[in-house]
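Engineer: Would you mind keeping the following structure in view while I ask a few things?
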Amino acid sequence: MNCTLGHFSNKEVRPDPTRQDKICNVPFLGFLGIIGHGGVCQCLGVYFRLEREAPGMEKKSRILIIGATGRLGFELAIASIKASHPTFALVRELTSEDPLKSRKLRALSDSGAVLLLGSLQNEERLVEALRQVDVVICAVSSRQTLDQKLLIPAIKQAGCIKRLIPSEFGIDPIKLEYLAWTTTSMQEKLKFDEFYLLPSIVQPGLKAPPRDKVVIFGEGNVQGVFMNESDVAAFTISTVDDPRTLNKAA
C-alpha cells in the first residue's frame, strides 16, 4: 500500500503531535506505510495521523522554513503552525549543544513541525525536502545571503514549489546609498536579486551603525517605526496563499 507524504487517497497526512518519537533522522520523500489502529501511519520512526478533509475546507500550503532556529526563522515557523499550515523546518542538526537552539528545536517539534535534516549545501537532501512542500521561506542570516543561490537549481529540480520568499526581510538595498556601513551585506543581497528576481519582503539583522557619531537629516524629529519579529512572521505567513502578493514586494 503506497502512501505519499501530503496525501493518502482522500485523507491528508499530518504529523502526529501526540507521538514523542516523530523526529525523523533521515529525510523522507515518500514511503511504504502500514495503517494501524486509530488511523496512524508509521514510517522511518515518524508517525502520521490520517485525517479526512472536511468538505469545503481550504487547503493550506505546506511550508518549509530554512533557518528555523534563527530569531526570525523561529517566529516564521511558529506563525506557520498557528495558521494551520503543515510546517517543515530544514535544520543542520536535530540536536544542538547550543541550549537556545536545542530549546527551539524541541519547541518546534512539540508544536507539530516536522524537522528535516539538511542544509543549503546538501543538494540531495535539499531537493528531497523541497519535494514535500509547496512554499519555501528562507530566513538565513546576512552571512548566508549568497548561499540562497543554491536554492534555485534545487527548486527547478524538485519541480513543485509554487512560491519562494527569500531572506529579504529588511531595507531595500537599492535605497542605501547614504548608509556606507551596509555596503558589503547589501551588495551580496543585490547579487542574489540579480541572480534571480523574486518576491521580497523585509529583513532585520543588519549590523548596527557606528555609535560614536551619527548623521541627523533635517530636524531629527521624524518618527521611526520598529517591527517585532512575531509581527513580521505573521504578516509573511499571511501572504503565502494570497494571490495578490504573488511576484510582488509586500
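The values are calculated or read from the model by the stated rules, or taken from the named source; none is laboratory data. Note that the coordinates shown come from a computational prediction; the quantities given were computed from them, not determined experimentally. Cβ placement follows ideal geometry from the backbone for every residue including glycine, while neighbour counts extend to all protein chains displayed.
Engineer: List pairs: first residue in region 146-169 and assigned by TED's automatic domain parsing to the domain that holds E75, second residue hydroxyl-bearing (S, T, Y) anywhere in the structure, Cβ distance under 6 angstrom, at least six positions apart or on different chains.
Structural biologist: Cβ pairs passing all conditions: I152/Y196; E168/S200.
Engineer: Exactly one of (1) outside any strand (DSSP E or B); (2) crowded, with 19+ Cβ neighbours inside 10 Å; (3) at pLDDT 90 or above is unmet by S167. Its number?
Structural biologist: All conditions pass for S167, except number (3).
Engineer: Return the total of residues in region 117-137 being crowded, with 23+ Cβ neighbours inside 10 Å and in a strand (DSSP E or B).
Structural biologist: Total meeting the criteria: 2.
Engineer: I would also like to ask the following. Might you let me know whether region 101-111 holds any residue that is closer than 24 Å to R163 by Cβ, more than 14 Å from the chain's Cα centre (by Cα) and in the same structural domain as Q144 (by TED's automatic domain parsing)?
Structural biologist: Yes - at least one qualifying residue is present in region 101-111.
Engineer: So, of the residues in region 90-110 that are touching a strand residue (DSSP E or B) at 6+ places or on another chain (Cβ under 8 Å) and surrounded by fewer than 18 Cβ atoms within 10 Å (Cβ to Cβ), which turns out to be nearest to I65 (Cα to Cα)?
Structural biologist: Step one: filter region 90-110 for residues touching a strand residue (DSSP E or B) at 6+ places or on another chain (Cβ under 8 Å), giving 90-94, 105, 108-109.
Next cut, surrounded by fewer than 18 Cβ atoms within 10 Å (Cβ to Cβ) only: 92-94.
Working: R92: 12, E93: 14, L94: 15 Å.
Within region 90-110, the match that is nearest to I65 (Cα to Cα) is R92.
Engineer: Of all residues in region 141-164, count the ones that are surrounded by 20 or more Cβ atoms within 10 Å (Cβ to Cβ) and either within 22 Å of P243 (Cα to Cα) or hydrophobic (A, V, I, L, M, F, W, C) (or both).
Structural biologist: Qualifying residue count for the region: 2.
Engineer: Right, another one. What tally of residues in region 90-129 results from selecting those that are in contact (Cβ under 8 Å) with a residue 24 or more places away in the chain and of a type in the set (S, T, N, Q)?
Structural biologist: So the count comes out to 5.
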